[in-house]
Structures are given as C-alpha cells and as structure tokens.
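Worksheet: the structure to be examined is printed underneath.
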Amino acid sequence: MAVHLALPFREMPDDPVDFGLRPPLVAGNPSLHDISEEVARPLDARPTLGWFACFAVAVTALLAGAAAVTYEIATGIGTWGLNRTVGWAFDITNFVFWVGIGHAGTLISAILLLFRQKWRTSIARSAEAMTIFAVMCAGLFPAIHMGRPWFAFWVMPYPNSRGPLWVNFRSPLLWDVFAISTYFTISLVFWYVGMIPDLAILRDRAKGRIKRTLYGLFSLGWNGSHRTWSRYEMLSLLLAGLAAPLVVSVHSIVSMDFATSVIPGWHTTLFPPYFVAGAVFSGFGMVMTLLLLTRKVMNLERYITLLHLEAMAKILLLTGTMVGFCYLTEFFVAWYSGNPFERYAFVNRATGPYAWAYWTMMSCNLFVPQLLWSKRLRTSLPVLFVVSLLVNVGMWFERFVIIVTSLHRDFLPSSWSMYRPTIIEVATLTGSFGLFFTLFLLFIRFLPVIAMWEIKGVVGGAQSISEHEEGAHA
Amino acid sequence: MLKERVLGCFADEASLLAAVRFARERGFAIDDVYAPYPIHALDEAMGLRRTRLPYVTLLGGLAGMIAAIALQVWGAVIDWPLDVGGKPANSALAFLPITFELTVLLAGLSSAGAFLWRSRLHPTAPVRHLAPGVTDDTFVLVLDPAGAHAEAARHLLVETGAQHVRIDGGQS
C-alpha cells in the first residue's frame, strides 16, 4: 500500500544515499501514464501465440479432469485406489497441496504489507489471484471425496427437519470447512477491493462498449477522490491485519485434521507450524513458477525484476530450510518419545516401500533450495524456474508421504496394505492443474496483473519528491 | 443543483500538495482532491478527519464472535449434546477455531461493506469525470469558493502552478 511504500522517502528526503543504494523497484523510471499503458496494453491486444498454446493445454487438462470426475461420481469412489486401510490418499493429498499453494498470495499481500516490504507491490496481485484459484481447486477435492458432492452443503450447520441434528463442532474437519470458506471469502474481498482503482483505469481507457460497460460495473463508479482513497487505505490495512492471522490459522487447522488423530506420524504438536512453513514454501514455489512465465508472456520484465525474483528465492531458501528442520525434528521426536509405533512409522517412511517418495520430498524441499545460498544461482532465471518446479513436486510428495505412509501400516499388521493411484485419480489431479491454469490464464488476459495504482504510488511519490524537494517540504 | 466549484489540474504529487496547503492557508474550503494513487500527506493537508472504519471492524468482529459462540453452544451443548469419546459437551476449547474464523469473516465483510456504502461505490454508481486522465496521471484539486469569489479561487490555482483551471457549476 502506498501509505507505507512512500513513507521512507518522506522520512529521509535529505538522504540521497538511500536512493542510490537500493536498486529501483521498477526499472527505467516510467511516467505515471506509461505505467497504465504498459500494464494495460496486453489486455487490449490479441493474446500471443504463447498464451493460446498454454490455454489450449490447460483447457485440455481441465476437460480430462472433468471426464474423470464425472465417471467417478457416476460409478462411485471404488474407481479410486483407496482401500480399507488407506482411506485418504490422492484426493486429500491434492487438497492439502492446493490449500498450501493458496498461502503465498495472502502472505505477500497481508504479512509483507504489514512488514512494509515494498517489493511486494509488483507481485501481490497475481499472487492473490493464484491464492483464490488454488483454494478453489482445493475445495473441489473434499467435495469429490464425499462421493455425493450434491450433498456437500451438509457440512454447513443449518436448521433442518431431521430432529435435533447439527454438524460436530468439535471436529477438525468442520473447523476446516469454516477456515477454508472464510479464507476464500476474505482473500476474494481483498483481491477485488485492491483491484477497484485499476478497473477504473481500464474503464477510462477502454475503447469497446462491452469492455467499458463491464469494467464500469466492476469499478463501482470509482473516481479517484482522495476522501475515498483515505478510507480505502484504512480498509487495506484492516483487511491485511485480519488476513495475516487468518493465513496462519488456515493451515494450522488443516494440520489438525491429522494432528488430533492417534495415527503414528500424525499425532504431533509440531504439525501446525510445520504445515504453515510448508504452505508458505509451496506457495512461493508456485508464485515463482507463475511469475517467471507471466513476465515473459506478458512482457512485464520491467515490473517483475530480478530483485523480486531474488527476494522470493530468499524466502524459498528460508522456508525450505524451516520445513527441512521440521522433517528432522519429527524424526528426533519419534526416537526420543520411545514409542515403538512412532519410531516404526518414521523408519518405515525413510526405508519402507514408499522410501522413494520420502527421498523425493527430502531432496526437493530440503536439499535443492540450499542451492539458493549462491547469489549466482538465485539470480539465474533457468535455475529459479527448475527449483520452483521441484519445490512444487516436493511439496506434493510431502503430503503424499504424510498421508499414505502413515495409513498404509495400521496398528494391526493384518490390515497392512499398499496404495497406488488409479488412472482416474491421476486424471483428477491433472484436471485440478487444468482448472488452476485456465483460471490464471484468463486472469492475466482480462485483468491487470500488476497493481497499477500501487506502482504509481511508489514511482510517483519518489519522482515527485526528488524533483520538487523544496515544494514538498515547504 | 450545481454548487460552484473551481478545478485545477496538476501534473504531479508535490505541486498538488503545495497547492492544497496554500489554498487552506488562504482560507479556501477544499471540496475534494482527485488523484491516481493515495497520497499520504494529503490527509493532513486537507484536514480530513480520521476514518471511523476501524470501529465497524471491531463491531463486525464482535458480532461474528458472539454469533459463533452462540451457534456452537446451541448446536453442540444445548440442542444436541452428542457424546464423542466421552468428552464433555461444553468443551469450549474446541469451539475456538470456528469462533476465530467467524470473527475474522464478519469483521472483514462488514469493513468492506461499510467502506463501499460510505464511499457510495456500487455497480451502477455514476462516474463523475472531473478531468480527463484523473485515474491515469492527473491530479485535480477542487475548491469550494463558498462565499468568496470564484475568480479569486481561480486566481489562486493559477498562481500555484495548475496546468489547467476551470470553473464548474454556479450561475452559468
């Protein structure tokens, strides 16, 4: 938000050294008009061939997923590889994976805003969009997992005619329903409210009637009045203040789905912080992947600079190491607890039939990010791209390892079994990626990827003060 | 209907701010300022009262909290005390997560709703364009001459370096 973005310039306008030391957040000192033009131009032009190619792939994946889900619902969840012992597998893995991805957006827009990290401006909008789409993908899986998605509304408490009958308010699964729907709603409000001034810019420069009408409807008559801006800034701060603890609560509550059970490998107090760190890590991995593609496809290299990518790489390194530390802590606690079931669960993870999944997770999440200690590697685009993809893979496997390895060895060896996904499950996962990328590609096509007004605040404030230092401080 | 107003367009933040301060010193009432981005120093320069939005957030949050506690206590303790593993029906700690979520939900929705309502922003709101490019790169200061002669306000705006000055409404 520009209030804080512009503050340091105001507090020390006499210190030109400060301007010299930091590389600019936006390259090349564009004028305010240039910013609207450059961000909005791709929305007027015909999409590039690259965009069409990506869109075709995404829609195909989405259709494959839709076909798989239709078949599964028509036939029953017997079409999945689930069995008596492994009752949660691919679907819940995918659910936790997508919810995790959904954490970076709000973290960037809320927590980094409260910490006054100016570099977040360029990437906040697309990260928030990513959050919303990821939470939508996440929400699909529990609904499908129920087997009868048309009764999904049963998870909501509402007065009914079945005698006194309520949902179980003491169940973490129900907490999840509230946490995720609240998170989705607040993220959506935050994203939309943040976009109103930009929609007004688009409305005012739109040539076609349909575009002008649509942008006009959604920009709610915004006219740039400072009385409105003043309240707007307060609203952004309030929403950020509310969203920041919300981000932490969501994945903590998701982790309680596991932690409040008595399954070895799940029953641990480490889970909430461990899940939150993992969520931020995976979210930043996905933001990195998307932004590397977006800045290329939409020609936004000036706004999403190496500085932003490097800052995100540092967060990847930090959170990856935190996650790795949690993996090791889990092992230590299993040994230190003296509980043979706990010990077995962890030894089995690392050396049992799913050891390949465990070591994939370890390599992608703990070892690979260590490359980012090197400045040369973390400023190399190909390296960042590969690392971000591996982080996504690693974090998917983390959830797979947690869920499947803990479940496939029951307390009773007679119920031990193995789980392997069917083609239907794989197609459903593919479909969720299809949905995610379809929505994201539509977003970069029709809405401004970069918050123009925030960038203007950063650029305008700085330019104006360096040019008119006397005037501003008369 | 039209109140007489005098508009001055500026090309950047600093000259706008200087003009706002100057106009207030000269005792002109500032109708509003239009800018492509929020300018922090303007709140003080225009003498705006601090928004009361945080109180709405507080009230919304409290309403959410009370509603969540009432819902859970009614559902799980009074109306349908289900025995889950022999735990007491009124296990208040287990009600915390949902209470937190509903507090945040109602606080957020009521703040956003109050903001839109107070700022009169809605899908069919008419767009008043005071000057071309006001959402793009133009800063507009609107003075309300109220009693003083509009010509004096126009003169002041020209003096402070406005690139374009216009008198709206009034008798004309």
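With contributions of -39500 (n - 2.57) from each DSSP H run of at least four residues, the per-residue ellipticity at 222 nm computed over chain A stands at -23000 deg cm²/dmol. Potential lengthening of the chain between B:Arg24 and B:Ala67 amounts to 10.8 nm, from the contour at 0.36 nm per residue minus the alpha-carbon distance.
In the context of the full protein assembly, B:Ile66 retains an accessible surface of approximately 110 Å², using a probe radius of 1.4 Å and ignoring ligands and nucleic acids. Helix content alone sets the calculated 222 nm mean residue ellipticity of chain B: runs of n ≥ 4 DSSP H residues at -39500 (n - 2.57) each, divided across all residues, give -14000 deg cm²/dmol. When only C-alpha pairs under 8 Å and at least 6 residues apart count, what is the relative contact order of chain A, in percent? Reported as a whole number, the value is 33 percent. Solvent exposure of the protein assembly as shown amounts to 42 Å² per residue of accessible area, where only protein heavy atoms count and the probe is 1.4 Å. Positive end of the dipole of the protein assembly as shown (Cβ unit charges, origin at the Cα centre): among A:Val250, A:Val404, B:Leu121, the Cα lying farthest that way belongs to A:Val404. Across region A:214-219, rounded Karplus estimates of 3J(HN,Hα) from the backbone phi angles (6.51 cos²θ - 1.76 cosθ + 1.60, θ = phi - 60°) give 5, 4, x, 4, 7, 8 Hz, Gly and Pro being marked x. Normalised by 2.2 N^0.38 Å, where N is the number of residues, the alpha-carbon radius of gyration of region B:53-118 equals 1.36. Taking the inverse of the mean reciprocal distance over all distinct Cα pairs, the Kirkwood hydrodynamic radius of the protein assembly as shown comes to 26.9 Å.
Relative to the longest principal axis of the Cα atoms of chain A, the long axis of helix A:121-145 makes an angle of roughly 30 degrees. Percent of C-alpha pairs per 5 Å bin in region A:20-123, short distances first: 2, 8, 9, 11, 13, 14, 12, 10, 8, 6, 4, 3, 1, 0. Computed over the Cα atoms of region A:283-398, the ratio of the radius of gyration to the Kirkwood radius (Rg/Rh) comes to 1.10. Taking B:Gly133, B:Gly75, B:Gly27 in turn, the Gaussian network model of chain B (Cα-Cα springs below 10 Å) assigns the largest fluctuation to B:Gly75. By a 1.4 Å probe calculation restricted to protein chains, B:Glu151 has an accessible surface near 80 Å², given to the nearest 10.
The heavy atoms of A:His267 present about 100 square angstrom of accessible area, all protein chains included, probe 1.4 Å. The largest accessible area among A:Phe411, A:Phe133, A:Phe115, A:Phe437 belongs to the first residue in A:Phe115, A:Phe411, A:Phe437, A:Phe133, and the rest follow in falling order (1.4 Å probe, all chains).
Long hydrophobic helices in chain B: the complete DSSP H runs spanning 15 Å or more by Cα along their own axis with mean Kyte-Doolittle hydropathy of at least 1.6 are B:53-73. With 25 Å as the limit on Cα-Cα distance, the pairs of A:Lys118/A:Lys375; A:Lys118/A:Lys211; A:Lys118/A:Lys296 that go past it are A:Lys118/A:Lys211. Looking at the P(r) of region A:262-314, how many percent of alpha-carbon pairs lie beyond 19 Å? Roughly 46 percent, rounded to a whole number.
Residue ranges B:48-58, A:334-344 sort as B:48-58, A:334-344 when ordered by packing (mean number of other C-beta atoms within 10 Å per residue, highest first). Dipole magnitude for chain A: computed about the Cα centre from +1 point charges on Lys and Arg Cβ and -1 point charges on Asp and Glu Cβ, it is near 780 debye.
Testing the spin-label approximation: label points 7 Å from Cα along Cα→Cβ at A:Arg148 and A:Ser374. State their distance in nm. Simple spin-label model gives 5.8 nm for this pair.
Largest accessible area first, the listed residues B:Glu25, A:Glu301, B:Glu159, A:Glu233 line up as B:Glu25, B:Glu159, A:Glu301, A:Glu233 when surface is computed with a 1.4 Å probe on the assembled protein chains. You can think of it this way: the chain between A:Lys296 and A:Ser161 has 43.0 nm of extra reach, that is 0.36 nm per residue less the Cα-Cα gap. Here the Gaussian network model covers chain B, with springs between Cα atoms less than 10 Å apart; of B:Ala107, B:Ala131, B:Ala76, B:Ala76 fluctuates the most.
For the peptide A:211-221, the mean number of other protein chain Cβ atoms found within 10 angstrom of a residue's Cβ is 3.
Here region A:79-192 is treated as an ellipsoid with the same Cα gyration tensor; its semi-axes, largest first and in whole Å, are 31, 19, 11. Selection among A:Gly265, A:Gly394, A:Met418 by position relative to the dipole of the protein assembly as shown gives A:Met418 as farthest towards the positive end (Cβ unit charges, Cα centre). Using a probe radius of 1.4 angstrom, the carbon and sulfur fraction of the accessible surface of the protein assembly as shown is 68%. Between 0 and 90 degrees, the angle of helix A:306-337 with respect to the longest Cα principal axis of chain A falls at about 20 degrees.
One chain, two ends: A:Ala53 and A:Ile423. Fully extended at 0.36 nm per residue, the span grows by 130.7 nm beyond their Cα-Cα distance.
When the Cα gyration tensor is reduced to axis lengths a ≥ b ≥ c, the ratio a/c is 1.5 or higher for region B:49-172, and with a/b above b/c it is classed as prolate.
The values are calculated or read from the model by the stated rules, or taken from the named source; none is laboratory data. In this text the structure is predicted, and so the values were computed from the model without any measurement. FYI the Cβ positions are ideal-geometry reconstructions off the backbone, even for glycines, and counts take in every protein chain you see. Note: areas computed on protein heavy atoms with side chains; ligands, DNA, RNA excluded. Shrake-Rupley method; radii C 1.70, N 1.55, O 1.52, S 1.80 Å.
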